[in-house]
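Colleague: The following block contains the structure, expressed as structure tokens.
The values are calculated or read from the model by the stated rules, or taken from the named source; none is laboratory data. What you see is a predicted model, and the numbers here were worked out from it, not measured in a lab. Counting neighbours? That spans all protein chains shown, and the Cβs are built from the backbone with ideal geometry, glycine included. To get the accessible areas, we keep the full protein, side chains included, count just its heavy atoms, and leave off ligands, DNA and RNA. Shrake-Rupley method; radii C 1.70, N 1.55, O 1.52, S 1.80 Å.
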Amino acid sequence: MRDRKRIALVAHDHRKETLLEWVEFNSGSLSRHLLYATGTTGRLIEERTGLPVQRLESGPLGGDQQIGAMIAEGKLDFLFFFWDPLMTQPHDPDVKALLRLAVVWNIPVAMNRSSADFMISSHLMRDEYDRLVPDYHSYRQRKIESDS
């Protein structure tokens with residue numbers, strides 16, 4: 001990871017205000033990085049803080065999947081995803097897939113304000129970081145029994 005990180009910001013409806021408050025509080029630190037967000041969240045961040053945000057689709061319209069694809073393609077370094085554990089979302093399978101991809105590709109994930117505070121204040125956010133990317137070569141080359 002370069003010193004300028006590529007950060008995705010996502011929040012469910014009942015967590016948007018919490019994320020917005022956190023982004024506003026950390027706008028100085030976040031201004032040094034490239035920010036991506038799902039539709040409504042990105043618009044609200046831009047309006048509230050003036051930070052430039054590359055906006056993707058809204059989560060239920062595919063934004064979560066777009067972020068997942070960016071992770072799989074090596075185009076994101078961090079995921080700040082303030083999700084609502086008390087509300088069922090119509091796109092819950094997309095949310096689970098996004099979190100799974102973050103783990104598969106060893107992407108740091110903050111899911112609440114406390115974990116986000118620890119991550120943003122780490123000296124590793126300001127410096128280059130040699131993230132270990134798992135080697136899935138053998139997985140990609142595996143022979144599936146039905147192929148024989």
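Colleague: When Lys16 is evaluated against the numbered criteria (1) open to solvent by 50 Å² or more (accessible area, probe 1.4 Å); (2) more than 12 Å from the chain's Cα centre (by Cα), which criterion, by number, is the only one it fails?
Modeller: (1)
Colleague: In contact (Cβ under 8 Å) with a residue 40 or more places away in the chain and either closer than 22 Å to Thr18 by Cβ or touching an Asp or Glu at 6+ places or on another chain (Cβ under 9 Å) (or both): which single residue out of Ile107, Ile120 fits that description?
Modeller: Just a single option satisfies the conditions, and that option is Ile120.
Colleague: Within the stretch 40-54, how many residues are open to solvent by 80 Å² or more (accessible area, probe 1.4 Å) and out of contact with any strand residue (DSSP E or B) (no Cβ under 6 Å at 6 or more places or on another chain)?
Modeller: Adding up the residues that qualify gives 4.
Colleague: I've got another one for you. Collect the residues in the stretch 125-143 that are closer than 15 Å to Glu73 by Cα and surrounded by 10 or more Cβ atoms within 10 Å (Cβ to Cβ), keeping them in residue-number order.
Modeller: Listed by number, the residues that qualify are Arg131, Val133, Pro134, Tyr136.
Colleague: Scanning for something modelled with pLDDT of 90 or more, β-branched (Val, Ile, Thr) and in contact with a Ser or Thr (Cβ under 7 Å, 6 or more places away or on another chain), does the stretch 114-124 turn up at least one residue?
Modeller: For the stretch 114-124, residues modelled with pLDDT of 90 or more, β-branched (Val, Ile, Thr) and in contact with a Ser or Thr (Cβ under 7 Å, 6 or more places away or on another chain): present.
Colleague: Now, a different point. May I ask you to verify whether Ile107 is within 19 Å of Arg4 (Cβ to Cβ) and part of a helix (DSSP H, G or I)?
Modeller: Taking the combined requirement at face value, the residue does not satisfy it.
Colleague: I want to confirm something. Restricting to the stretch 102-113 and keeping residues that are aliphatic (A, V, I, L, M) and within 17 Å of Ala11 (Cα to Cα), which single residue is most open to solvent (accessible area, probe 1.4 Å)?
Modeller: Applying the filter and picking the extreme gives Met111.
Colleague: Which of (1) small (Gly, Ala, Ser); (2) in contact (Cβ under 8 Å) with a residue 40 or more places away in the chain; (3) open to solvent by 30 Å² or more (accessible area, probe 1.4 Å) is the odd one out, the single condition Gly59 does not satisfy?
Modeller: Result: Gly59 fails condition (3) only.
Colleague: How many residues, within the stretch 114-124, are touching a strand residue (DSSP E or B) at 6+ places or on another chain (Cβ under 6 Å) and open to solvent by 30 Å² or more (accessible area, probe 1.4 Å)?
Modeller: 1
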